[in-house]
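J.: Shown below is the structure under consideration.
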């Protein structure tokens, strides 16, 4: 801010909202005359203001509240304490504008105060100037602009971090030569619009077995998403290393227990190992919803299952029985997280549930939808029934075996 300037048209272009707003100021100075001068100057300019006076940091801490628009801070302190008080005030009031006040002979200290974090500085003689009110209001608006810019930068950073997490949570399947069609859908809960802990993967091992899984870390946010990424990467590495079934789940549980941020975190998981000929599979459930299967031209139904095991990390040392599933030559298998079935139906408390999802998928299969189109249409309908975006994260994986002849033409 230029010193001892004349009023200009730009000076008079103060936003109407700022002009109408009553200012709350905290004047920090040893001399009580500074607060009195500020009060008289603002009153003479027709500026509505509430003035609070503090003589030291203890009084600043007692008198400062979130409704304070600006802090006027005396910078003329004894040698060795010039900017210590300013730094403490900035820590106490990180979202409040700060104006330093210094003597005319020490403008260098004012410039240093701006470098440290103050919005501007005034010379003591300017406290009685006609543009004091504008200087305060401009400092307030600059602080608001700084906060908005910082929030925008943080939002962009979160978006970038989410994109990196998403690449880890939502991988490219490795199914070359399997003859299977793969489709997937992921959507974070709309109340956060951030990634949650849902994850999935599908790979084909050298012996021709197709391994697919889907999981859900309890909770939402970057910690849960990061843990989901770790579990997915660990699952893929362990699968290619030759582990499968209960042995793989036990190792994944060890990873979860070692990496989770607290002991309350657990993860549900569904794993399917499809035989090289594609006609049968082994199913393992760790506290996770049962997949839906459609065989031939029939209707979708939950995979037959007798029992599953506990969620990973819930009861360390648990057991996950293998369940042998007959699929046949032509089938479609839907793996999903519980966010897809926990949406509400209408305005009541009734949930969609697995039965509702089964009917919903059946209706779209009858209309001829398959693959990605089927998943997109199903999620759209689930959200319509819910009356809007789902509060929980949703992930779904669809594996199709169109039959021996069609499978042979698949790239």
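Just so you know, all these numbers are worked out from the coordinates, no wet-lab data involved. Predicted model only: the values in this text are computed from it and were never measured. Cβ atoms come from the backbone with ideal geometry, glycine included; neighbour counts cover every protein chain shown.
J.: Rounded to the nearest 5, what % of DSSP beta bridges with both residues in the chain are antiparallel? Numbers along the way, then the final one.
T.: Values: 47 of 68 bridges.
So the antiparallel bridges amount to about 70 percent of the total.
J.: A further question follows. Using all alpha carbons of the stretch 309-411, what is the percent of pairwise distances in each 10 Å bin, ordered from the shortest bin to the longest?
T.: 12, 35, 30, 20, 3
J.: In Å, what Rg and Dmax follow from the Cα atoms of the chain?
T.: Over the chain's Cα set, Rg and Dmax evaluate to 31.9, 94 Å.
J.: Another one. On a 0 to 90 degree scale, rounded to 10, what angle separates helix 32-44 from the longest Cα axis of the chain?
T.: Compared with the principal axis, the helix lies near 80 degrees.
J.: For the stretch 195-260 and the stretch 303-335, write down the distance between their C-alpha centroids in whole Å.
T.: Here the answer is 15 Å between Cα centres.
J.: Given the DSSP H assignment, sum -39500 (n - 2.57) over each helix run of at least 4 residues in the chain and divide by its residue total; what's the result at 222 nm in deg cm²/dmol, nearest 500? Before the final figure, lay out the partial values.
T.: Numbers: 12 runs with 156 residues, N = 411.
It comes out at -12000 deg cm²/dmol, rounded to the nearest 500.
J.: Could you please rank 279, 268, placing first whichever residue has the fewest other Cβ atoms within 10 Å of its Cβ?
T.: 279, 268
J.: What does the C-alpha gyration tensor say about the overall shape of the stretch 170-409? Classify as rounded when a/c is under 1.5, otherwise prolate if a/b is larger than b/c, or oblate.
T.: Values: a/c = 1.63, a/b = 1.03, b/c = 1.58.
Verdict is oblate for the stretch 170-409.
J.: Same structure, new question: Remind me, relative contact order of the stretch 9-150 in percent, using alpha carbon pairs under 8 angstrom and six or more residues apart?
T.: For the stretch 9-150, the relative contact order is 23 percent.
J.: If you fit an axis through the alpha-carbon atoms of helix 132-169 and take the longest principal axis of the Cα set of the chain, what angle between them do you get, 0 to 90°, nearest 10?
T.: 20
J.: Return the Cα extents of the stretch 9-150 along principal axes one, two and three, sorted largest first, each rounded to a whole Å.
T.: 42, 34, 29 Å, listed from the longest principal axis down.
J.: Measure nothing fancy, just the Cα-based angle from helix 107-116's long axis to the longest principal axis of the chain, in degrees from 0 to 90, nearest 10.
T.: 10
J.: How do the peptides 45-55, 248-258 rank, highest first, by the average count of neighbouring beta carbon atoms within 10 Å per residue?
T.: So the peptides 45-55, 248-258, ranked by packing, come out 248-258, 45-55.
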